[in-house]
Amino acid sequence: MATDATGYIKHHLTNLTYGELPAGYERLDENGKVVEELTEATWTLAHSGQEAVDMGFWAFNVDSLAWSIGLAIVLMFIFGRAAKKATTGVPTGMQNFVEVIIGFIDNTVKETFHGKNPIVAPLALTVFTWVFMMNLMDLIPVDIIPKLFELSWVAAGGDAHQAYMKIVPSTDPNITAGLAISVFALMIFYGIKVKGIGGFMAELTLHPFNVKNPVVQALFIPVNFALEVLGLIAKPISLALRLFGNMYAGEMIFILIALMFSTGMALGLFAGVLQWAWAVFHILVITLQAFIFMMLTIVYLGMAHEDH
């Protein structure tokens with residue numbers, strides 16, 4: 001039972017990964033027996049979590065990319081349709097829903113961001129809605145879509161043990177890191193654009209320790225630079241890991257609850273109540289995490305626009 005539970009959890013937490021395996025690589029089946037030895041370097045789908053690891057940095061998590069891009073297309077369709085059908089009268093239905101979101105984010109940006117940059121509000125809207133949609137996938141029962149994918153995979157001639165499908169992109173650190181690095185790149189770009197190279201470097205070398213004596217200040221420059229660079233790099237890392245950690249933990253709890261359904265009637269009924277309660281609470285979590293990611297994006301860009 002413990003082995004089955006461990007395999008169930010690992011299967012649900014493994015991405016469908018595409019990457020390159022080196023020549024001479026031995027591919028194993030689920031029992032650890034060698035089933036194939038590659039004669040040359042080969043780009044292929046990973047047959048196990050270990051193969052995904054062995055593919056290295058340039059491997060692609062196909063499921064995370066497909067779901068995140070698909071959700072972005074859904075968002076563009078919703079907002080595009082609402083824009084085309086917008087009227088000057090009293091908004092109703094989808095137009096009202098979209099206007100409420102836009103108004104909320106626009107007011108948030110006005111209260112938080114004090115610079116002048118027309119890209120910040122659209123960026124905040126994109127970040128909030130996209131992260132929210134990715135988080136929202138966590139409320140879909142953990143077995144539905146993976147099972148449908150497994151049936152399709154087997155029908156196409158594949159092995160059921162190799163049918164990996166993670167549908168929550170924000171439980172993949174590659175996705176959250178990609179979002180965070182994009183925000184970090186904008187921070188650096190606008191920091192240099194607003195302050196200039198000299199001002200940007202001065203911000204990194206003359207703070208937090210600043211004295212009037214130039215000799216003493218020169219001694220503080222390496223210390224200031226180390227502290228400021230460390231703080232700068234910590235921003236995207238914390239941004240990515242905060243979202244990933246919260247969503248990964250939530251997904252893990254849903255998987256553990258799903259395991260309880262196979263342990264008998266009594267625990268199955270309790271699992272049903274527990275799943276409902278956790279889903280209701282998780283609605284707050286997924287919304288809060290999207291809001292925090294958006295707020296930190298606005299705050300970090302606001303700091304990049306501050307010119308002392």
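General remarks:
- Residue match in the range 196-215 (condition: under 31 Å from the mean Cα position of the chain (by Cα), charged (D, E, K, R), assigned to a helix (DSSP H, G or I) and modelled with pLDDT under 90): yes
- Applying the criterion of being within 30 Å of residue 129 (Cβ to Cβ) and charged (D, E, K, R) to the residues of the range 151-173, the residue that is farthest from the chain's Cα centre (by Cα) is 166.
Quick grid of which residues meet (1) of a type outside the set (Val, Ile, Thr); (2) loosely packed, with under 15 Cβ neighbours inside 10 Å; (3) under 27 Å from residue 256 (Cβ atoms):
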position	(1), (2), (3)
13	yes, no, yes
16	yes, no, yes
19	yes, no, no
27	yes, no, no
32	yes, yes, yes
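- Whichever residue in the range 1-49 is aliphatic (A, V, I, L, M) and part of a loop (DSSP other than H, G, I, E, B) and, among such residues, is modelled with the lowest pLDDT: 1
- Set side by side, the residues 86, 52, 82, 72 differ, and just one is touching a helix residue (DSSP H, G or I) at 6+ places or on another chain (Cβ under 9 Å), closer than 19 Å to residue 171 by Cα and either at pLDDT 90 or above or not aromatic (Phe, Trp, Tyr) (or both), which is 72.
- Of all residues in the range 1-33, those satisfying the criterion of being hydrophobic (A, V, I, L, M, F, W, C) and either more than 16 Å from residue 162 (Cβ to Cβ) or in contact with a Gly (Cβ under 6 Å, 6 or more places away or on another chain) (or both) are 1, 2, 5, 9, 23.
- Qualifying residue in the range 66-73 (condition: among the hydroxyl-bearing types (Ser, Thr, Tyr), surrounded by 15 or more Cβ atoms within 10 Å (Cβ to Cβ) and within 22 Å of residue 147 (Cα to Cα)): yes
- Residue within the range 101-115 that is in a loop (DSSP other than H, G, I, E, B), touching a residue at least 12 places away in the same chain (Cβ under 8 Å) and loosely packed, with under 15 Cβ neighbours inside 10 Å present: yes
- Just so you know, in the range 260-308 the residues that are polar (S, T, N, Q) and at pLDDT 90 or above include one that is nearest to residue 125 (Cα to Cα), and it is 297.
- Residues of the range 10-31 satisfying the condition of being within 29 Å of the chain's Cα centre (by Cα) and of a type in the set (A, V, I, L, M, F, W, C): 13, 16, 21
- Top-ranked residue in the range 34-47 [being polar (S, T, N, Q) and free of Cβ contacts under 8 Å to residues at least 24 places away in the same chain; ranked as surrounded by the most Cβ atoms within 10 Å (Cβ to Cβ)]: 42
The values are calculated or read from the model by the stated rules, or taken from the named source; none is laboratory data. In this text, all values refer to a predicted model and were calculated from it rather than measured experimentally. Cβ sites come from the backbone with ideal geometry, for glycine too, and all protein chains shown count toward neighbours.
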